[in-house]
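First up is the structure itself, then whatever we jot down about it.
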Amino acid sequence: MLSAVRRYKALLSGALARYFPHTTEYLRAEREAAAQLRKPQPRTKKAAGDKARASKPRTRKASGDDPADAGKPIDDGIYSSARLKVSEAQEKAMRERVAQAVAAGVVSAPSDEQWAMILGRAPLTRIFAGAGSGKSTTLVLRVVFMHCHLSIPLDRLTVISFTNASCAELREQLARVLGFWQYSFEAPQARQCVRTFHSAMGTLARDLLGNPRWFEQLDDVAGEPDNPLLAGRLRPAQQRLLKQAYDTCYAAEPGFRQRVHALLDLPPPPSAEDGQPAPIGQAPLDGFKLAGEFTPLPLFEAFHVQAGFMESIGIRLDRLKPRTLDCAPRERTFIEALLLFWKQFERELKAQGLMTFNLAFQRLGDALAKGDGIPGAALTPYAHLLIDEFQDISPQIVLWLQALHRELARRGEKVSLMAIGDDWQSIYGWRGSSPELFMDFDRHFPSTGKSRRSAVLMLETNYRSIEPILRDGEKVLEGVAFKQAKTSRAFKTAQPGDHGVKLVSGFDLKARLPELLKEIQAQCAEVTGRPTVDRNPVLLLARRNEVLKQIQSRLDPKLPVKAYSIHRAKGLQGEVAIIVDDCLPPEKHPLRNALYAHSGFFRNSYDQAMADENLRLAYVAITRGVSRVIWYTGKVQGATQVLARHD
């Protein structure tokens, strides 16, 4: 009897595959992707403390210190378990129109795994999109399907991309494809539909927080708030405001003065004598360096850097009690001084009608949690969210998204979230982001129903790089402690002379710069002579801009070479990627280890997160190359040591 049932199932499966090939492939892709996610993944051996933390039930501590709030699990489901209603006619119409768009050269033909994302029916979906997997085009087609075929209005749908530059590219691409579908997509509508997290937050702040001016945009002519992850040093107006708060706090707060002198290893400040107030001199501007940081900074800048990190990982400075941090006395003194400074800094901001992005996220989250007095029109554009680069999300953004969709769901709105990312390319942990939030997605964004889990899809075909480059990229990830197990499949085939990572060790930039310049020139000449070549023949990559400037100062400007820091190159590609980097190991950061533990969002220590990120950054650099990668390094260590070991 059992064998007869099995034969019947096999016959039925074969019939479905013959008569409904696309639907069958879609369902198969969903099942296989979910099964792959459940596979065990290789892990490096954990320290005893990490193992103990990982074995505890995963709950998020409150960002303050109220025992009544600490350790609360996120239990209430936000997203419905009911699948989106998609008829066969709607799917057929989408496939036929896409085929016409492919014939007209508007889009490339989607693969089966891309179709699974385009036609997905789950209101909560997580998509692991590997490097070069064509996710941008697939994301655009997903929006087209939702709007043109499922009749979801664009004013109830928002695409979140990483930066204003990436948003501009998506808007342009979406306008072109919607135009082929004969749907209008005017510039104002495009700006509302595709935006960064900070732009979306800025729109809500305009409606709910009195339209503040932004501290992050002082001395900046930019209109839309951009992602501050890519920001460089503070601008002069920002430095002036921070220093003003520092000077005022130093003059007004004896406890602050004492801590400042202790941190800077200065004699204690003068005390009062004979009933006369103590003389107060100028606030000292000596450079200060925390263990784990690269360079000394004035204290007011050091406070700003660490406060931004703390807020980003979900710690509320107005609720933090330094005694609860598990850290050494020096680090605790720093936090005590920081909290005194930050109160004064926020008073200065308020006096000038300014607000930081972080504070706005916090206040909007508080307002959403209360739910009173918020007009529905302000929230409905975020009912259906499609978020790119989700691996670089921070706990603060997670809290804001939770509050936003919980409030919409409470009002009876149908909400959906499609999160697209790749934990292998998460490289902003030093600013508070973490791939753990993408890996632990279902804990932070729970569904209703029995499974309470998101649908999981994989985009594993790489349309950018040849096989040897992909395999070398995967090699450097072997030492990453926490990652999703997956593989990439190369779509392109190698041509004669192509190769994976060619390692040039013992390289000294000052002594051997002419050798590097000659190699760059040779690669430009060779690849530009090919019948097909990427629009960027050569990408020059380094971790530090100083290295790039040194090389560019001697490079012929007529050569087809684009130079980027590795962080800014994410999303780009070049026929040849030339990397100049020594893979310096990160220093241990005791304070951030304590903050990571206090946050309650992470299973790793900060030091472990940074060690993993060093390897992921190397993976991002390697996978910018299409047909060749050359890596110049002085000392073989970190990622280059892994590559040398495999040679």
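The values are calculated or read from the model by the stated rules, or taken from the named source; none is laboratory data. Not measured: the values here are computed from a predicted model. Here the Cβ positions follow ideal geometry from the backbone for every residue, glycine too, while neighbour counts run over all protein chains shown. Quick note on the areas: whole protein, heavy atoms, side chains included, nothing else; ligands and nucleic acids left out. Shrake-Rupley method; radii C 1.70, N 1.55, O 1.52, S 1.80 Å.
Just to confirm, what accessible area per residue do you get for the stretch 272-414 at 1.4 Å probe, in whole Å²?
42
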Exercise. What relative contact order, as a whole-number percentage, does the chain give when Cα pairs under 8 Å and 6 or more residues apart are counted?
Worked result: 19
Exercise. Given the protein chains as shown and a 1.4 Å probe, how many square angstrom of ILE152 are accessible, to the nearest 10?
Worked result: 20
Seminar exercise, completed: Rounded to a whole %, the carbon-and-sulfur portion of the accessible area of the chain at a 1.4 Å probe is 53
Seminar exercise, completed: Between LYS289 and ALA378, the two model label points (7 Å from Cα along the beta-carbon direction) sit apart by a distance in nm of 4.6
For this session: Measure out, as a whole number of angstrom, how far apart the alpha-carbon centroids of the stretch 424-442 and the stretch 133-198 sit.
Result: 25
Exercise. So, by mean Cβ neighbours within 10 angstrom, what's the order for 281-293, 380-392, 579-591 with the highest one leading?
Worked result: 380-392, 579-591, 281-293
Exercise. Tell me, how many Å apart are the Cα centres for the stretch 295-310 and for the stretch 590-630?
Worked result: 21
Exercise. If you stretched the chain out fully between LEU559 and ALA165, how much longer would it get, using 0.36 nm times the residue separation minus the C-alpha to C-alpha distance?
Worked result: 139.4 nm
Exercise. Can you list residues whose amide H is under 5 Å from ALA122's amide H, if they're 5+ apart or on another chain and H is modeled 1.01 Å from N?
Worked result: LEU84
Problem set entry | Using θ = phi - 60° and Karplus 6.51 cos²θ - 1.76 cosθ + 1.60, couplings along the stretch 77-82 (whole Hz; Gly, Pro as x) | x, 9, 9, 5, 7, 6
For this session: Using DSSP to define loop residues, name the trypsin sites (Lys or Arg not before Pro) in the stretch 429-462 whose beta-carbon has at most 11 other beta-carbon atoms within 10 Å.
Result: LYS450
Seminar exercise, completed: XL table LYS135/LYS450; LYS475/LYS635; LYS510/LYS562; Cα-Cα > 24 Å flagged, in table order, is LYS135/LYS450
For this session: Grab the beta carbon distance between THR324 and ARG471, set R0 = 45 Å, and tell me the FRET efficiency rounded to 0.05.
Result: 0.45
For this session: Using only alpha carbon pairs under 8 Å that are at least six residues apart, calculate the relative contact order of the stretch 233-363 and give it in whole percent.
Result: 28
For this session: Could you tell me which trypsin sites (Lys or Arg not before Pro) in the stretch 169-206 are loop residues by DSSP with no more than 13 other beta carbons within 10 angstrom of their beta carbon?
Result: none
Exercise. Accessible surface of LEU320 in the full protein assembly, 1.4 angstrom probe, to the nearest 10 Å²?
Worked result: 10
Exercise. Once amide H atoms are placed 1.01 Å from N in the peptide plane, what residues at a sequence separation of 5 or more from VAL538, or on another chain, have their amide H within under 5 Å of its amide H?
Worked result: LYS562, GLU575, VAL576
Exercise. Distance in nm between label sites at GLN189 and LYS588, each 7 Å beyond Cα in the beta-carbon direction?
Worked result: 5.8
For this session: Go through THR448, THR493 and list them by solvent-accessible area, largest first, probe radius 1.4 Å.
Result: THR493, THR448
Exercise. When ranked by the protection proxy of mean other Cβ atoms within 10 Å per residue, highest first, what sequence do the peptides 526-536, 153-163 form?
Worked result: 153-163, 526-536
For this session: Whole number in Å², please: accessible area per residue of the stretch 90-183, 1.4 Å probe, ligands, DNA and RNA not counted.
Result: 34
